Amino acid sequence: MADRYDVVVVGAGIAGSALASTLAQRGRSVLVLEQQTTYKDKVRGETLTPWGVVEATRLGLMDTLYSAGAELATQFVPYDELQRPADAEAGALPISMFCPGADGQLNVGHPEASEALSTKAAADGATVVRGVSDVKVAFGAEPTVRYTDGVDAVDVRCRLVVGADGRTSTVRRQAGLTLEERPAVTYGAGLLIHADSGFKEKNTLGTEGDIHYLAFPRAGDLTRLYLMVDIARQPEFTGPQRLEHFLAGFAGLTSFPAAAALAAGEPAGPAGGAPMTDSWTTEAPVIPGAVLIGDAAGWNDPIIGQGLSIALRDARTVADVLSESENWSRGAFDDYVAERRERMRRLAISARLMTAIRCTFTDAGRERRARWFQQFLADPLMLGQVVGMLAGPETADAASFTDEAVATTLAV
């Protein structure tokens, strides 16, 4: 092992492994440090929106994701208590219509994708070390990183440290960067299920009663299920009977024809979840000697499923900075910081609007949702708030994300 690298990436998840693979292919020496020896199912985001599929294609990662068991969903079916299932199926939309260059939305297991991308990074020439602990970073013009590899303490030098180590990032903490986090309105619970439901190649979401539900079919007979409920109901989905509560929630749905078969299936992973929040660094996620990407730099409320797409955009953008110039100063990342800030601002607005529309479990909320369904396709500003989630937030009219546009949407 060398004692000096161009880049040390802390975290070998989606963002870190994609970045390491790209940089290694482009001739940079890269060391990747990962705490986990085996990637575990922690009920994370497992769908790549169409603009994320474009990012994966640009990074040359689609074959790797397919090797990890990814399944392409080509249709979106808007099941909901507000219409009959047959009408929802008749109104199914081809996902490709929203984003040129993407044939659909890619559903892939988070652990499987992380493993495949980490393996690819190593095959492309990055040095990947798993099972590390006690990572200590000294920042500055020539950063140093100390870590324990399970036996010994190892010291390496580099030109730049990339923090890709998730929501609880040690790189962010040691860099003195802090997060602001918006309080949760909903709690999101998830479960991977084995079931022969006949529900394939279609993604869906809908609201019924006091539940917002999502289903993303995977390869074979796997489907990732999510339920969003009012945050006050969190104890139901974190206590000892969380699995029973989750399955009962899905089994009771009548607006989604496959729900009963899915709820009767065999769990293929843990029942877990988290409060649905978004967060951002109070300062730019860059200091001399380090840059943050992925969740380490702040995340979007998972209700709109943008996490994997954000991670790949971050990886591509930072890889371009580190490949195209020898200037790796803090200022070299100004475009990345500005683009990411606006991207996350727009996605945060879309997430808050979708939460208000889909997770207001009252009569007034249902009436508003019905009006929104009738109006959003014909209203350019409301449509932009949706298209930005599918085709990329930068593709929508900036006017869709003004205070006036938000107020108009909430007041439909």
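The values are calculated or read from the model by the stated rules, or taken from the named source; none is laboratory data. In this text the structure is predicted, and so the values were computed from the model without any measurement. Note: ideal-geometry Cβ built from the backbone for every residue, glycine included; neighbour counts use all protein chains shown. The area values use the complete protein model at the heavy-atom level, side chains included, leaving out ligands, DNA and RNA. Shrake-Rupley method; radii C 1.70, N 1.55, O 1.52, S 1.80 Å.
If you go through segment 264-274 and keep only what is farther than 14 Å from ARG242 by Cβ and either among the aromatic types (Phe, Trp, Tyr) or not in a loop (DSSP other than H, G, I, E, B) (or both), you end up with just GLU266. Open to solvent by 10 Å² or more (accessible area, probe 1.4 Å), within 23 Å of the chain's Cα centre (by Cα) and not charged (D, E, K, R): does that describe GLY206? Against the criterion (open to solvent by 10 Å² or more (accessible area, probe 1.4 Å), within 23 Å of the chain's Cα centre (by Cα) and not charged (D, E, K, R)), GLY206 does not qualify. The listed residues are VAL43, VAL53, and the only one of them that is β-branched (Val, Ile, Thr), open to solvent by less than 60 Å² (accessible area, probe 1.4 Å) and either in a loop (DSSP other than H, G, I, E, B) or closer than 13 Å to ILE14 by Cβ (or both) turns out to be VAL43. In segment 293-304, the count of residues that are part of a strand (DSSP E or B) and either among the hydrophobic types (A, V, I, L, M, F, W, C) or at pLDDT 95 or above (or both) is zero.
When segment 86-96 is filtered for residues that are more than 29 Å from THR57 (Cα to Cα) and open to solvent by less than 40 Å² (accessible area, probe 1.4 Å), only ALA88 remains. Exactly one residue among ASP63, ASP103, ASP124 is charged (D, E, K, R) and touching a Leu at 6+ places or on another chain (Cβ under 7 Å), and that residue is ASP103. Here SER255 passes the criteria (1) closer than 25 Å to ALA92 by Cα; (2) open to solvent by 40 Å² or more (accessible area, probe 1.4 Å); (3) touching a residue at least 12 places away in the same chain (Cβ under 8 Å) except the one numbered (2).
Results for (1) modelled with pLDDT of 95 or more; (2) open to solvent by 60 Å² or more (accessible area, probe 1.4 Å); (3) assigned to a helix (DSSP H, G or I); (4) of a type outside the set (Val, Ile, Thr), shown as yes or no for each residue.
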| position | (1), (2), (3), (4) |
| --- | --- |
| LEU347 | yes, no, yes, yes |
| GLU367 | yes, yes, yes, yes |
| ARG371 | yes, yes, yes, yes |
| GLN374 | no, yes, yes, yes |
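Out of ARG159, ARG146, ARG173, one residue alone is open to solvent by 50 Å² or more (accessible area, probe 1.4 Å) and closer than 29 Å to GLY272 by Cβ. It is ARG173. Taken together, the residues in segment 270-325 that are under 16 Å from LEU214 (Cβ atoms) and not polar (S, T, N, Q) amount to 12.
The single condition from (1) open to solvent by 60 Å² or more (accessible area, probe 1.4 Å); (2) at pLDDT 95 or above; (3) over 30 Å from ALA297 (Cβ atoms) that ASP230 fails is (3). Might you check whether a residue that is in contact with a Gly (Cβ under 9 Å, 6 or more places away or on another chain), modelled with pLDDT under 95 and surrounded by 15 or more Cβ atoms within 10 Å (Cβ to Cβ) occurs anywhere in segment 124-140? So far as segment 124-140 goes, no, none of its residues is in contact with a Gly (Cβ under 9 Å, 6 or more places away or on another chain), modelled with pLDDT under 95 and surrounded by 15 or more Cβ atoms within 10 Å (Cβ to Cβ).
Of the residues examined, THR277 is one that is assigned to a loop (DSSP other than H, G, I, E, B), closer than 30 Å to LEU222 by Cβ and in contact with a Lys or Arg (Cβ under 8 Å, 6 or more places away or on another chain).
Failed condition for TRP51, given (1) under 27 Å from ALA268 (Cβ atoms); (2) of a type in the set (Phe, Trp, Tyr); (3) modelled with pLDDT of 95 or more, with all others met? Among (1) under 27 Å from ALA268 (Cβ atoms); (2) of a type in the set (Phe, Trp, Tyr); (3) modelled with pLDDT of 95 or more, TRP51 violates only (1).
If I filter segment 97-121 down to residues being open to solvent by 50 Å² or more (accessible area, probe 1.4 Å) and not aliphatic (A, V, I, L, M), which single residue comes out as nearest to LEU59 (Cα to Cα)? Spell out how you get there, then give the answer.
Pass one, segment 97-121, residues open to solvent by 50 Å² or more (accessible area, probe 1.4 Å): 97, 100-101, 103, 112, 115, 119.
Now restrict to residues that are not aliphatic (A, V, I, L, M): 100-101, 103, 112, 115, 119.
Working: PRO100: 17, GLY101: 14, ASP103: 16, GLU112: 18, GLU115: 17, THR119: 15 Å.
Out of the qualifying residues, it is GLY101.
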